[in-house]
Amino acid sequence: MTFRPPHLRSPYLRLRLRRLASLLAPALAACLTAACASYSLAPDPADTQGRSASGAAIELTYWHTYSDVETKVFEARVLPMFEKQHPDIAVRAVRQNYTSQLNDNIVAAVADDKQPDVMRMDIIWVPQFARSGALTDLSVMPDFADYEHRFTGALIQTNLYEGRYYGIPLDATTMVPIYDKRLLAEAGLDAPPETFDQLIAASRRLKAKDEGLYGVSVCCSSTWGMLPYFRTLGGELLGPDNERASGYLDGERSVKAMEKLKGWYDEGLISPSVVGGEPGGWDGLFDGKIMMIDEAHWFFTSNVNGSNAARLADMTTALFPSDAREGTSIIGGENLVLFKGSRHPDAAWTFMKFMVSEPVQEMMAETGLIPSIRDFDRNKLKPVYRVYLDQLARAEPRPPVPEWDEVDDVFSRMVTRVLVGEQDAAGALRESAAKIDAILAGP
């Protein structure tokens with residue numbers, strides 16, 4: 001279950017691509033050999049004719065990265081409903097391939113003044129484009145205050161840059177523990193553990209029975225994989241203003257958290273998959289070698305019709321276990337952003353608000369997307385996805401800094417060095433904090 005092209009910068013992007021690859025492999029293969037794989041800054045001739053083909057006075061361009069299933073629902077049900085409610089506004093939806101090239105394509109489009117009006121953008125990119133001046137500060141919208149508090153947990157914070165909001169959450173994801181019920185029982189548990197003490201004790205019982213079994217698999221050493229454990233165990237990455245790591249990443253609580261993780265890894269309680277070893281998380285879980293992985297909702301979307309579908313009945317989910325703090329996880333997903341170059345900002349804002357209305361969120365949830373709005377009726381979600389709403393309420397955003405990819409890389413390399421024994425925790429954290437401070441300070 002690996003899909004890791006070596007040129008991709010972001011571990012989170014690699015995981016998103018793995019999800020898309022499993023869902024879209026046939027269509028993606030065809031697409032990459034056809035014209036849809038290319039990107040052009042040339043304007044569509046229809047855009048230069050005044051009114052749109054539908055006769056609407058305003059035409060908006062909307063870039064998105066929906067999957068085949070998501071695109072079908074969006075185009076067949078969501079767009080017609082919007083254009084019926086707003087006959088003067090037409091939306092030209094342009095599907096973009098979610099690859100490492102997409103970020104560069106956005107930069108090029110902005111430079112050439114050919115950016116879309118609205119885009120469904122990965123949350124990790126919002127600070128970058130906010131800093132560049134490409135995005136509209138939504139805080140100035142007259143009714144933004146009505147929307148600021150409509151979203152689950154800390155989702156809105158993924159749009160925050162220097163005290164202003166440059167987007168609104170459209171759909172969300174996070175990771176939750178997924179357990180093999182048979183291994184849980186073998187470890188002496190009749191329900192998922194609520195604390196790390198319980199999880200680690202169960203993992204030790206498994207290891208004592210069979211050296212080839214692991215209690216926990218973490219997807220990777222990046223922040224997407226390791227930060228939930230690091231934070232829950234008391235670690236800190238950056239200070240509250242996100243301006244420095246020194247005093248936080250290398251603080252006493254962070255050192256203790258990293259040392260605890262290192263100890264569990266050395267005991268063989270954490271699978272080698274965290275540093276690229278075997279068994280891998282998905283394979284190890286399905287093969288009965290790993291008791292728990294933590295994964296986003298696409299684990300179920302990707303496997304429901306595959307060769308592992310029958311094994312899904314043996315899995316159960318829960319909230320992230322607690323320790324020094326209430327168990328937390330990392331927020332992922334997409335935000336809606338309004339580009340400053342839009343000729344129709346009011347119409348674009350109208351479309352954005354429509355997209356986070358409950359009827360639209362409910363329609364898109366049918367495809368497996370997790371709604372972003374607070375108080376969404378969880379009974380409208382498939383049962384397996386409901387725990388993700390619960391976890392989002394106690395999930396945290398990665399620090400919204402434009403240099404996030406570089407910060408993430410430093411953290412990931414630090415985790416790997418500590419786990420494989422190349423450097424002690426205190427020294428690695430101190431060195432990494434200094435590197436991150438330099439990154440955040442800029443040239």
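The values are calculated or read from the model by the stated rules, or taken from the named source; none is laboratory data. This is a predicted model, so every value here is computed, not measured. Don't worry about glycine lacking a Cβ; one is built from the backbone with ideal geometry, like all the others, and counts go over all protein chains shown.
So here's what we get for this one:
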quantity	calculated
Cross-chain or 6+ apart pairs with Cβ under 9 Å, the stretch 239-259 first and surrounded by fewer than 18 Cβ atoms within 10 Å (Cβ to Cβ), then among the polar types (S, T, N, Q) and outside any helix (DSSP H, G or I)	GLY239/SER246
Condition met for ALA172 (over 20 Å from ASP287 (Cα atoms) and in a loop (DSSP other than H, G, I, E, B))	no
Verdict on ASP408 being touching a residue at least 40 places away in the same chain (Cβ under 8 Å) and in contact with a Ser or Thr (Cβ under 9 Å, 6 or more places away or on another chain)	yes
Qualifying residue in the stretch 186-205 (condition: surrounded by fewer than 24 Cβ atoms within 10 Å (Cβ to Cβ), at positive phi and of a type outside the set (Ser, Thr, Tyr))	yes
Residues of the stretch 60-85 satisfying the condition of being in contact with a strand residue (DSSP E or B) (Cβ under 9 Å, 6 or more places away or on another chain) and either touching a residue at least 40 places away in the same chain (Cβ under 8 Å) or not assigned by TED's automatic domain parsing to the domain that holds ASP122 (or both)	LEU60, THR61, TYR62, TRP63, HIS64, THR65, TYR66, GLU70, PHE74, PHE82
Test: VAL140 is farther than 20 Å from VAL407 by Cβ and either polar (S, T, N, Q) or more than 24 Å from the chain's Cα centre (by Cα) (or both)	yes
One residue from ARG343, ARG325 being at pLDDT 95 or above, closer than 23 Å to TYR62 by Cβ and charged (D, E, K, R)	ARG343
Flag for ASP137 being of a type in the set (Asp, Glu) and exposed (fewer than 15 other Cβ atoms within 10 Å of the Cβ)	no
Residue within the stretch 185-202 that is under 29 Å from PRO127 (Cβ atoms) and in a helix (DSSP H, G or I) present	no
Residue satisfying all of: in the stretch 89-111; within 20 Å of SER357 (Cβ to Cβ) and in contact (Cβ under 8 Å) with a residue 60 or more places away in the chain; surrounded by the fewest Cβ atoms within 10 Å (Cβ to Cβ) among these	ILE89
Selected residue [surrounded by fewer than 19 Cβ atoms within 10 Å (Cβ to Cβ) and not assigned by TED's automatic domain parsing to the domain that holds THR317] from ARG413, ARG386	ARG386
